[in-house]
Amino acid sequence: MTKKPRIAKLGPLATRADRHTLYQIAVQDPEPEIRFVQRVFKRTRGRAAASFKEDFCATAHLATAWVKGHRSRTAIGVDFSHEVLAWGREHVLAPEPQHVRDRVTLVLANVLDVVAPKVDVVGAFNFSYLIFKQRAQLIAYFKSAYESLNRDGLFYCDLFGGTDAIVPIVEPRRCRTGFTYVWEHESYNPITNEILCHIHFKFRDGSEWKKAFTYDWRLWTIPEVRECLLEAGFKDTQVWWDPVDETDYRLTEKEGNQLGWLVYIVGVK
Ligand SMILES: C[S@@+](CC[C@H](N)C(=O)[O-])C[C@H]1O[C@@H](n2cnc3c(N)ncnc32)[C@H](O)[C@@H]1O
């Protein structure tokens, strides 16, 4: 008797996969991000940051890593999706010891509405704020981030761009647990700067999870983001560039264009 192939018994890998687990493995890397946040905070404020609000926190992977890094740290994660917060509670927070769980607060709300308690750092990572497509909306968001910050607090967000950012591309990258992460720019509208992107996952049995995540964004430019931060009340802004040939982001005011670039933009209260 021949053995039934495993795929026939359990179904294709794509139907058994968990998209949040795959996203964490393929996209998120909290430790270097936290090291960067602390490096810039120390340089700008002369001390370490202790309290952190992760806007658009999804599963709160970053917020949880933040508090795990030091016993004095606290974190608030804000997301308006019940589904992702529930997933984060079960899969990210529940396995942690009590002293970690006690220092992470998850809030089911719109990021525009959460301005207390005040924190040292507000972060909006993996481009989540690009959902705000109108200038007035973006400034309203930056104002709420400003209001959430302690007197010497800093706001951090990231941004991507470059020649490849505005052309249709499909970029596969193999991940360590054997699946392939695929980043796609489906369309770009030069009149509005709107960009439609997807994350797909492909599995070793040939099955695929198409459009596991979809992002309908406005691809703001670096000067636009800086201007809106200043308009929202921030005293200063910093641009930290991801260098291809160096190990860490560097503070800069002039760069050549690249096929793809990545920056952190920091709002200084
Ligand atoms: C790109 S994902 C988050 C990525 C995560 N911050 C990271 O670093 O990988 C965007 C998240 O933002 C949430 N979201 C979108 N608009 C929001 C809003 N106005 N208020 C709160 N959460 C929002 C979505 O529910 C989703 O979980």
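The values are calculated or read from the model by the stated rules, or taken from the named source; none is laboratory data. Predicted model only: the values in this text are computed from it and were never measured. Using ideal geometry, Cβ is built from the backbone for each residue, glycine included, and neighbour counts are taken over all protein chains shown. Remember, those area values only see protein heavy atoms, side chains included, never the ligands or the DNA or RNA. Shrake-Rupley method; radii C 1.70, N 1.55, O 1.52, S 1.80 Å.
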- Message: Regarding the stretch 84-189, what's the average projected area of the Cα-atom convex hull, expressed in nm²?
- Response: 9.8 nm²
- Query: Considering only protein heavy atoms, what is the solvent-accessible area of Val104 at a probe of 1.4 Å, reported in Å² to the nearest 10?
  - Reply: 20 Å²
- Query: Thr247 versus His82, label points 7 Å from Cα toward the beta carbon: distance in nm?
  - Reply: 4.7 nm
- Note on the structure: Taking placed amide H atoms and a strict 5 Å upper bound, the residues 5 or more places from Phe80 or on another chain that come that close are Ala109
- Compute the Rg to Rh ratio over the stretch 133-190 from the alpha carbon atoms, using the Kirkwood formula for Rh, and round to two decimal places. 1.15
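Suppose a student asked you for the relative contact order of the chain, using Cα pairs under 8 Å spaced at least 6 residues apart; what percent would you report?
Details: 500 pairs, mean separation 43.8, N = 269.
Across the chain, relative contact order equals 16 percent.
Pull up the DSSP beta bridges for the chain and report the antiparallel fraction as a percent, rounded to 5.
Numbers: 39 of 57 bridges.
Given both bridge residues lie in the chain, the antiparallel proportion sits at roughly 70 percent.
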- Once the Cα gyration tensor of the stretch 198-269 is diagonalised, semi-axes √(5λ) in Å: 32, 18, 10
- Query: Got a sec? Charge dipole of the stretch 77-210, +1 on Cβ for Lys and Arg, -1 for Asp and Glu; which of Leu108, Tyr141, Val122 is way out at the positive end?
  - Reply: Val122
- In whole Å, largest first, what are the principal axis extents of the Cα atoms in the stretch 54-124? 30, 27, 16
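Kindly flag which residue pairs out of Lys53/Lys202; Lys42/Lys235; Lys133/Lys235; Lys53/Lys133; Lys118/Lys211; Lys68/Lys211 have an alpha-carbon separation exceeding 25 Å in this structure. Please report the intermediate quantities before stating the final value.
Numbers: Lys53/Lys202 33 Å; Lys42/Lys235 18 Å; Lys133/Lys235 23 Å; Lys53/Lys133 22 Å; Lys118/Lys211 36 Å; Lys68/Lys211 32 Å.
As for pairs spanning more than 25 Å Cα to Cα, those are Lys53/Lys202; Lys118/Lys211; Lys68/Lys211.
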- Taking 227-234, 74-81, 163-170, 89-96 and ranking on average Cβ neighbours within 10 Å, highest first, one gets 74-81, 227-234, 89-96, 163-170
- Task: Quote the charge dipole size of the chain about the Cα centre in Debye, to the nearest 20; the model charges only the Cβ of Lys and Arg (+1) and of Asp and Glu (-1).
- Result: 980 debye
- Would you mind checking which residues have amide H under 5 Å from Tyr156's amide H? H placed 1.01 Å from N; only 5 or more apart, or other chain. Val122, Gly123, Ala124, Gly267
- Task: Multiply the residue separation of Thr180 and Asn110 by 0.36 nm, subtract the distance between their alpha-carbon atoms, and state the gained length in nm to one decimal.
- Result: 22.0 nm
- Query: Between the stretch 113-182 and the stretch 75-92, what's the alpha-carbon centroid distance in Å?
  - Reply: 17 Å
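Run the numbers on the stretch 163-217 and let me know its relative contact order in percent, using alpha-carbon pairs under 8 Å that are six or more apart. Walk me through the numbers before you get to the answer.
Details: 108 pairs, mean separation 14.9, N = 55.
Relative contact order of the stretch 163-217: 27 percent.
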- Message: Taking R0 as 22 Å, what FRET efficiency do you get between Lys133 and Lys254 from their Cβ-Cβ distance, rounded to the nearest 0.05?
- Response: 0.20
- Message: If each DSSP helix of 4+ residues adds -39,500 (n - 2.57) and the sum is divided by the residues in the chain, what number results at 222 nm, nearest 500 deg cm²/dmol?
- Response: -8000 deg cm²/dmol
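Once the piece of chain linking Ser72 and Asp29 is laid out straight, how much longer is it, given 0.36 nm per residue of separation minus the C-alpha distance between them?
Working it through step by step, the gained length comes to 13.3 nm.
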- For the chain, the percent of all C-alpha pairs falling in each 5 Å bin, from 0 up to the bin holding the max distance, is 1, 5, 12, 15, 18, 17, 14, 9, 4, 2, 1, 1, 0, 0, 0
- Let me know the Kirkwood hydrodynamic radius for the stretch 163-217, please, with Cα pairs as the basis and the value in Å to one decimal. 11.9 Å
